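Participant: First the structure, then my questions, so here it is.
The values are calculated or read from the model by the stated rules, or taken from the named source; none is laboratory data. Worth saying up front: this structure is predicted, and the values here are computed from it rather than measured. Neighbour counts are summed over all protein chains in view; Cβ atoms, including those assigned to glycine, are modelled from backbone coordinates with ideal geometry. Ligands, DNA and RNA are stripped out before the accessible areas are found, and what is left, the full protein with its side chains, is counted by its heavy atoms. Shrake-Rupley method; radii C 1.70, N 1.55, O 1.52, S 1.80 Å.
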Amino acid sequence: MAEWSANALQTVNPGETIVFTENPVPCRRGLIRHRDDTGNFLLAGYVPRQSGCQCQRQRSANYLVDFGANIAIPEGGTVGAISVALTIDGATIPSSSMIVTPAAVNQFFNVSRAINAPVFNGCCESLAVRNTSNQAILVQNANIIISRPDLAVTR
């Protein structure tokens, strides 16, 4: 499991990604990479070697991505629906869309979503959280946790 956050208020333009600046829980396995002060993550498709027949082998690495933040319309913006969504390799995942409709500027709403993000064995895919609105938004207290439940160690 790894966690990134960005507590400071940031303005995110349409089509841009939310920037994560802190890494309170780093990934110690090297399966998740993050470029400092960006919103881009690289997920490795590492699948441990398994014994048994070919038909039972896992073909993808399964990540659980849990995101949450407060979003609002900035001063000078137009009151209406605003949204963010998770993207994989630049493609917006429709089921991850988080939409709110503030009644005024600077009125914050909390949005959150968790998705499963499979990555084919031996491949890598990029992950980000993008402003899918048609205007700039304010984002504060953004947090993303990325984990691999299939690699969890239990005792």
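Participant: Taking the Cα-to-Cβ direction at ALA81 and at THR21 and moving 7 Å from each Cα, how far apart do the two end points lie in nm?
Facilitator: 3.1
Participant: I've got another one for you. Leaving out ligands, DNA and RNA but keeping every protein chain, what accessible area does SER60 have, in Å² rounded to the nearest 10, with a 1.4 Å probe?
Facilitator: 20
Participant: Counting only protein heavy atoms and a 1.4 Å probe, tell me what percentage of the chain's accessible area is made up of carbon and sulfur.
Facilitator: Solvent-exposed carbon and sulfur of the chain make up 50 percent of the total.
Participant: Taking the Cα atoms of segment 1-45, report the difference between the largest and smallest coordinate on each principal axis, in whole Å and largest first.
Facilitator: 32, 21, 14
Participant: Now, a different point. Please go through segment 1-99 and write out the GluC sites (Glu not before Pro) that DSSP classes as loop and that have at most 10 other C-beta atoms within 10 Å.
Facilitator: Within segment 1-99, the qualifying GluC sites (Glu not before Pro) (loop, at most 10 other Cβ atoms within 10 Å) are GLU75.
Participant: Can you work out the accessible area per residue across the chain, with the rest of the protein chains kept in place, probe 1.4 Å, in square angstrom?
Facilitator: 54
Participant: Counting C-alpha atoms alone, how compact is the chain: give Rg to one decimal and Dmax as a whole number, in angstrom.
Facilitator: For the chain, the Cα-based Rg and Dmax read 17.0, 61 Å.
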